[in-house]
Amino acid sequence: MMVALRSRREDRVLLVAAWVLTVAALVLGVVASAPILILWGVLGVGAAVFATRIHLRDTRPRQPDPATGTRPAGEAQPADQARPAGADHGPTSVQTDAVEQEHVR
């Protein structure tokens, strides 16, 4: 079973802190001519770029699955597509939540 992980505000704060520390280590390494700080800065920039790419990928809204027309499990439906709670959707429409869909698979 796969868990849908999404980046949140706390993740963004940690990512900004990683960028600040990485740039600080790189700048101090260049100013002080300290090879170890330059190495930490270069490795940190690579890791921060990778983490930023993952964060941006996880914060984009996910598109519905073209085969089924449903969103991944654990993902809320956008407000513009949400249905009213008491609306009658006809006898042929079947409404199931993500847990019931998971049991069917």
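The values are calculated or read from the model by the stated rules, or taken from the named source; none is laboratory data. Just so it is clear, the model here is predicted, and its values are computed rather than measured. Glycine also receives a Cβ, built like all others from the backbone with ideal geometry; neighbour counts cover every protein chain displayed.
Kindly indicate which of L39, L14 is part of a helix (DSSP H, G or I) and at pLDDT 95 or above. Let's see the steps before the verdict.
Numbers: L14 fails: at pLDDT 95 or above.
Going through L39, L14 in turn, the sole match is L39.
Within the stretch 27-36, is even one residue at pLDDT 80 or above, part of a helix (DSSP H, G or I) and under 21 Å from the mean Cα position of the chain (by Cα)? Give the derivation first.
First, pick out the residues of the stretch 27-36 that are at pLDDT 80 or above: 27-36.
With the extra rule that they be part of a helix (DSSP H, G or I), the set shrinks to 27-32, 35-36.
Now narrow it down to the ones that are under 21 Å from the mean Cα position of the chain (by Cα): none.
Among the residues of the stretch 27-36, not one is at pLDDT 80 or above, part of a helix (DSSP H, G or I) and under 21 Å from the mean Cα position of the chain (by Cα), which makes the answer no.
Among A73, A67, which is the only one that is touching a helix residue (DSSP H, G or I) at 6+ places or on another chain (Cβ under 6 Å) and modelled with pLDDT under 85?
Numbers: A67 fails: touching a helix residue (DSSP H, G or I) at 6+ places or on another chain (Cβ under 6 Å).
The match here is A73.
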